[in-house]
Amino acid sequence: MPIRVYYEDTDFTGIVYHANYLKFAERGRTDFLRVAGVHHSELQEADPPLAFAVHKMEIEFLSPARIDDELLVETRYVAARGARFDIEQVILRDGQPIWRAMVRAACIDGAGRPKRMPVSIIDAIGAYVSEPSQSR
């Protein structure tokens, strides 16, 4: 998923503020799910309502992004088990990784309790196990 760095994304030095990489990654995960056919609005309307919550992130900041940079967020499914699934995300600039994260998300019900992921969701996101997604 392409992202352009705007003034609002940066700190006073013109470098992307570290917390904004999480926003970029969230957009990448959301688009990854959308491309796989999993829509947040449909999950909320399901019976029972479902959602995803980030449980754990391991992040590496490799190189800073700056105002006007064109970035690409790649998201790749790694594994799923029970209520959780793991994905790898990389943010690239000019084809080079500048940020990397391993993300563990949990499927939760409307009350916030872990809920086993439906097989249909596992199958949908599992189609992306071998290649990074450049969600657009």
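When the Debye formula is applied to the Cα atoms of the chain, each taken as the same point scatterer, what base-10 log of I(q)/I(0) results at q = 0.09, 0.14, 0.17 Å⁻¹?
Values, matching the q order: -0.28, -0.64, -0.89.
What is the list of residues in segment 5-49 whose amide nitrogen lies under 16 Å from a point 7 angstrom out from the Cα of residue 127, following Cα to Cβ?
Under cut-off, by backbone N: 31-40.
If I stretch the segment between residue 7 and residue 67 completely, what's the gain in nm (0.36 nm per residue apart, minus their alpha carbon distance), one decimal?
21.0 nm
Round to the nearest 10 and give me the degree value, 0 to 90, for the angle of helix 20-35's Cα axis relative to the longest principal axis of the chain.
40
Quick one: which of 66-78, 40-52, 13-25 comes out on top by average Cβ neighbours within 10 Å, and what's the full order, highest first?
Result, highest mean first: 66-78, 13-25, 40-52.
Based on Cβ point charges of +1 for Lys and Arg and -1 for Asp and Glu, what charge dipole magnitude is obtained for the chain about its Cα centre, in debye rounded to the nearest 20?
Using Cβ point charges on Lys, Arg, Asp and Glu, the chain gives about 440 debye.
Throughout, read-outs are computed from the coordinates displayed, never taken from laboratory work. These numbers were taken from a predicted model, which means no experiment stands behind them. Positions of Cβ are generated from backbone atoms using ideal geometry, with glycine treated the same way; all protein chains shown enter the neighbour counts.
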